[in-house]
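Structure, as structure tokens:
The values are calculated or read from the model by the stated rules, or taken from the named source; none is laboratory data. Because the structure is predicted, anything quoted here is derived from the model rather than measured. Counting neighbours? That spans all protein chains shown, and the Cβs are built from the backbone with ideal geometry, glycine included.
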Amino acid sequence: MRPDKKILRELLSTEGKENLQALYNKAYDVKKQYVGTTVYLRGLIELSNICSKNCYYCGIRSGNKELTRYQISYEEAIAEAKLCLQMHYGSIVIQAGEREDRTWIEFITKLIKGIKELSEGKLGITLSLGEQKLEVYQQWFEAGAHRYLLRIETSNKELYRSLHPVNHSFEKRLKCLNLIQECGYQVGTGVMIGLPGQTIDDLANDILFFYDLDVDMLGMGPFIPHHNTPLKYLAESFSPLEALTMGLKMIAACRIALKDINIASTTALQALHSEGREMGLKAGANVLMPNITDTKYREGYQLYEGKPGLNETALQFQKQLEKRIFALGETIGYDEWGDSRHYQKKKN
Ligand code: 5AD
Ligand code: SF4
């Protein structure tokens, strides 16, 4: 049933410690009932910070000339995929800035095939590589990728326009989401929470947008101002606690409204609080994406201020992560793809 907008607005307007706790508890109950308490892990590789786009909020936008650009080599990427397999993470996410040139497209195709081969098909492959042509989405799907993440950023067209240069198009983004679905990928999208000018009504509409698109996965996080972007002026009035709370409320509302999809507890939450990602799991999220990128590249992938884990290797992180997840009373879905229940139901 399509969620009721009035109820969504009420959930998102929750205030006060006790009421918030009640909201998170309710979302946790829905999570337990519909997807259980197994956390699925996806090793995240930040393949390159080269981006042809210039989104006003993002630290790796093409207009940021202070940044040294990098691209991880094929061999290094394969080594990271091997590490992912050794750590028993069931799948890998390949993320990078947006590029549409042939060299890049072929590089990704080769990498997808290489990862499939080295893992004998065991490692699930998710792509987060922006807007592409149908043929490119198809080529990557045929090479072996099966999930694609493309955030809509906000479902409010006007707000989208205010956050992007004129040659970035909301309609194109939407069209791409449809193409990805058409190709047969499991589709993930998401929004930033706390954008300048964004209202509770917008966030409620975002949840209805997710429902109407029939998404399988969500990755959402609070907007965090970055010092080298046109939105840097927002840093002064930025409240990490408020941003964190709004992020958690959105996760909880999505879990309550959309029930059986996969929801990631994102790094942006952890940037705002050392236990932000655990809080996300407690508010209804069921997926974590540990960063497995070689630490020497991490400095280069600062989408927002204060991104955590700059010096922490993947192996150090894994030990801590296990402890933290077990402490929450949850288990880890090692060596599993962990497709969303929502997707499994659609398939059957
Ligand atoms: N704060 C939070 N999230 C951001 N992203 C980009 N810039 C920021 C920021 N300043 C997110 C966008 C994008 C994803 C790769 O990172 O949602 O889709
Ligand atoms: Fe590029 Fe994505 Fe950042 Fe926009 S949000 S500048 S597309 S990396």
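Contact annotation: residue pairs with Cβ atoms under 8 Å, 6 or more positions apart or on different chains, pairing a residue in the stretch 99-121 that is in contact (Cβ under 8 Å) with a residue 24 or more places away in the chain and on the phi < 0 side of the Ramachandran plot with a partner that is in a loop (DSSP other than H, G, I, E, B) and of a type in the set (Lys, Arg), are GLU100/LYS133.
Reported count of residues in the stretch 204-226, each being within 10 Å of ligand 1 (Cβ to nearest atom) and touching a helix residue (DSSP H, G or I) at 6+ places or on another chain (Cβ under 8 Å), is 7.
When the residues of the stretch 248-259 are narrowed to those that are charged (D, E, K, R) and under 17 Å from the mean Cα position of the chain (by Cα), which ends up surrounded by the fewest Cβ atoms within 10 Å (Cβ to Cβ)? Give the steps one after another, and end with the answer.
Applying the first criterion (charged (D, E, K, R)) to the stretch 248-259 yields 249, 255, 259.
Within this subset, residues satisfying the condition of being under 17 Å from the mean Cα position of the chain (by Cα) are 249, 255.
Values: LYS249: 23, ARG255: 26.
The extreme case among them is LYS249.
A single entry from GLU76, GLU120, GLU131, GLU106 fulfils the requirement of being within 16 Å of ligand 1 (Cβ to nearest atom) and either at pLDDT below 95 or not basic (Lys, Arg) (or both): GLU131. Restricting the first member to the stretch 46-72 and to residues that are at positive phi, and the second to residues that are at pLDDT below 95 and within 7 Å of ligand 2 (Cβ to nearest atom), no beta-carbon pair is closer than 8 Å while six or more apart or on different chains.
Every condition in (1) surrounded by fewer than 21 Cβ atoms within 10 Å (Cβ to Cβ); (2) in contact with a strand residue (DSSP E or B) (Cβ under 6 Å, 6 or more places away or on another chain) holds for PRO240 except the one numbered (2). The one condition from (1) more than 16 Å from ligand 1 (Cβ to nearest atom); (2) under 20 Å from VAL35 (Cβ atoms) that GLN318 does not meet is (2).
Of all residue pairs spaced 6 or more apart or on separate chains, those with beta-carbon atoms under 6 Å, a first member in the stretch 142-162 that is among the small types (Gly, Ala, Ser) and a second member that is within 14 Å of ligand 2 (Cβ to nearest atom) are ALA145/LEU127. Assessment of the stretch 213-235 against the conditions (crowded, with 21+ Cβ neighbours inside 10 Å, hydrophobic (A, V, I, L, M, F, W, C), more than 15 Å from the chain's Cα centre (by Cα) and not in a strand (DSSP E or B)) yields no matching residue. Within 21 Å of the chain's Cα centre (by Cα) and more than 16 Å from ligand 1 (Cβ to nearest atom): is that true of TYR89 in this structure? Yes. Checked against the criterion of being within 16 Å of ligand 2 (Cβ to nearest atom) and closer than 22 Å to ASN262 by Cβ, the candidates ILE108, ILE152, ILE115 yield just one match: ILE152.
Conditions tested, residue by residue: (1) over 19 Å from TYR137 (Cα atoms); (2) surrounded by 14 or more Cβ atoms within 10 Å (Cβ to Cβ).
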| position | (1), (2) |
| --- | --- |
| LEU159 | yes, yes |
| ASN167 | yes, no |
| LYS175 | no, no |
| LEU179 | no, yes |
| ILE193 | yes, yes |
| GLN198 | yes, yes |
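Given the options GLU158, GLU171, GLU182, name the one that is among the charged types (D, E, K, R) and closer than 27 Å to LEU11 by Cβ.
Working: GLU171 fails: closer than 27 Å to LEU11 by Cβ; GLU182 fails: closer than 27 Å to LEU11 by Cβ.
Just one listed residue meets the conditions, GLU158.
Filter the stretch 11-54 down to the residues that are over 17 Å from the mean Cα position of the chain (by Cα) and within 16 Å of ligand 2 (Cβ to nearest atom), then identify the one that is surrounded by the fewest Cβ atoms within 10 Å (Cβ to Cβ). Here the answer is SER52. Somewhere in the stretch 199-220, is a residue touching a Phe, Trp or Tyr at 6+ places or on another chain (Cβ under 8 Å), of a type in the set (A, V, I, L, M, F, W, C) and under 30 Å from GLU66 (Cα atoms)? Within the stretch 199-220, not a single residue is touching a Phe, Trp or Tyr at 6+ places or on another chain (Cβ under 8 Å), of a type in the set (A, V, I, L, M, F, W, C) and under 30 Å from GLU66 (Cα atoms). Residues that are surrounded by 22 or more Cβ atoms within 10 Å (Cβ to Cβ) and within 15 Å of ligand 2 (Cβ to nearest atom) were ranked within the stretch 62-94; the one that is nearest to LEU218 (Cα to Cα) is VAL93. Looking at THR293, THR313, THR266, THR245, just one residue is of a type in the set (Val, Ile, Thr) and within 15 Å of the chain's Cα centre (by Cα), and that residue is THR266.
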